[in-house]
1. Taking all protein chains in place and a 1.4 Å probe, what share, in percent, of the accessible surface of the range 212-266 do carbon and sulfur account for?
2. Which cross-chain or sequence-distant (5 or more) residues have an amide H under 5 Å from the amide H of GLY237, H modelled 1.01 Å from N in plane?
3. What does the extension gain come out to for ALA23 and LEU191, with contour length at 0.36 nm per residue minus their alpha carbon separation?
4. What FRET efficiency, computed as 1/(1 + (r/R0)^6) with R0 = 41 Å and r the Cβ-Cβ distance, is obtained for PHE212 and ALA177, rounded to the nearest 0.05?
5. Using a 1.4 angstrom probe, figure out how much accessible area the range 1-105 has per residue, in square angstrom, rounded to the nearest whole.
6. When the Cα centres of the range 13-69 and the range 259-300 are compared, how far apart do they sit, in Å?
7. In the chain, which whole DSSP H runs stretch at least 27 Å along their own axis (Cα) and average 1.0 or higher on the Kyte-Doolittle scale?
8. Between exposed trypsin sites (Lys or Arg not before Pro) in the chain, where DSSP calls loop and at most 11 other Cβ atoms lie within 10 Å, what's the longest gap?
Amino acid sequence: VIKTIALRGGKISPRIAPIEALASSICIGAGGSVGPEGPMVQIGAGIGSTIGQVFKLHPAKLIQLTAAGAAGGLAAIFNAPVAGVIFAMEAILAKFHTKSFCYLALASVTALQLRKLIMGTEPLLDLSSASFSNTYGLILFILVGISGGIISGLFMKMLNVTEAFFKSLNAPYLLNALLGGTVLGIFALYLPQVLGEGYEYMEQVFNKEHIFTFIFIMLGVKIFATAITINSGGSGGFFAPALYFGVMLGGLFSSYFGGINIEIVSHEAFIAAGMASILAGVFQSPITAIIMIAEIANCY
């Protein structure tokens, strides 16, 4: 979407949205280690672009409508209208503009209201009890941020390494997909927790159902599984994996400091900080990360 706006004035083929919806649904449903949020951004942008092209809008207006579609898609999938607007401005348009904000806000809120009619309003994770008791907790949040930056960097590095590997094979896409599917099939046998969106297992870590060692293993393998899924030809996005990494990171900190009876920061606060740090690191959009976590956690 970003490349299309930068190089093609926001013109996205009308075929992209339905193909992306079908391909991502199959990939995620079959166990691909990706999420629906990234595709939803692309689908929304594709719809916005198609509408703009049908009405033959000026290129500047077409770009705004494409970004508005992306904002609406993210707002609807995450139940996060403000984050949808900020993400479109911060990451897609790469600028803050009053007129653009109005268009993005209208699309974002409209998409959210329709989503509420269909899916309801229950938050992804209820972090309303998140708290920290004194200023020493800020030091722990800095440590979470440093760790999140390192994990984000490792994830992006793994994406580059696996992409280079599959390109070096110089094989047809079908063979790449078969190889990636075989690797994911092995994970399905021994560690199925890293497949699919992973929201079920995020909930388990949130409910303190796993120990430190197992959480650490899930985090490491999930990074590899997501990179394999994407670069072997899978269709999906990074938002859900990034949230997964963040929940695992928060769970590791909570498990460790809870084990040595340091309760300066609540378990829920560690989870929130972990998710925000990974989102900020992966997407290089810190404002979006802060607002998005507040919205999806239903706790400003």
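1. Reported share for carbon and sulfur atoms: 66 percent.
2. GLY35, GLU37, GLY38
3. Taking 0.36 nm per residue and subtracting the Cα distance, the gain is 58.1 nm.
4. Step by step, r from the Cβ atoms, then E = 0.70.
5. Dividing the accessible area of the range 1-105 by its residue count gives 46 Å².
6. Between the Cα centre of the range 13-69 and that of the range 259-300, the gap is 28 Å.
7. Within the chain the helices that satisfy the rule are 59-78, 136-169, 212-231, 239-259.
8. Longest stretch, sites excluded: 96-300.
The values are calculated or read from the model by the stated rules, or taken from the named source; none is laboratory data. Every value quoted in this text rests on a predicted model; they were computed, and no experiment measured them. Cβ coordinates were reconstructed from backbone atoms using ideal geometry, including for glycine residues, and neighbour counts include every protein chain displayed. Ligands, DNA and RNA are excluded from the accessible area calculation, which covers all protein heavy atoms including side chains. Shrake-Rupley method; radii C 1.70, N 1.55, O 1.52, S 1.80 Å.
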